[in-house]
Amino acid sequence: AFTDKPAVFAAQAPQAVSAGNSAAQFSLTVGPILHHNGTYTTWSENNLSVAGQCYVEISPADAAKTGIVNGTFVKITSALGSASLPARLSGSVQSGALFVPAHFRESQSGLLLKGSANTVAVKLEKI
């Protein structure tokens, strides 16, 4: 039932990558990017000219450690599955973190996540 009282919101701290999984080297976040909003925007030629395919963003420092360059295909593996995507080096991603846009259906990146979480521990491999 609705009331006239204001809603109460509780802040939640982000959960760290589980240290118990020694194979998990990175924390993957799947989320939105500026040029797309949902999966229907992948039908827009204008949006696709800016961000035309799915990718995984990785910090230049992590890329150098793993021998990855822009465009190299990498395999991201979580406890629930894996996805292969081209790498995009980005200074906006901190070391130890990866980012994949959620808008591209063909990447199946949502299958790497558990429930409604948008962050998961993953292993990264150059393929």
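Against the list (1) crowded, with 20+ Cβ neighbours inside 10 Å; (2) without any contact (Cβ under 8 Å) to a residue 40 or more places away in the chain, the condition V74 fails is (2).
Number of residues in region 95-109 that are more than 9 Å from the chain's Cα centre (by Cα) and either at pLDDT below 75 or within 15 Å of G81 (Cβ to Cβ) (or both): the value is 6. Candidates S84, S95: the one that is assigned to a loop (DSSP other than H, G, I, E, B) and open to solvent by 40 Å² or more (accessible area, probe 1.4 Å) is S95.
The values are calculated or read from the model by the stated rules, or taken from the named source; none is laboratory data. Everything quoted here is computed from the prediction, not taken from an experiment. Counting neighbours? That spans all protein chains shown, and the Cβs are built from the backbone with ideal geometry, glycine included. All accessible areas refer to the heavy atoms of the entire protein, side chains included, with ligands and DNA or RNA removed. Shrake-Rupley method; radii C 1.70, N 1.55, O 1.52, S 1.80 Å.
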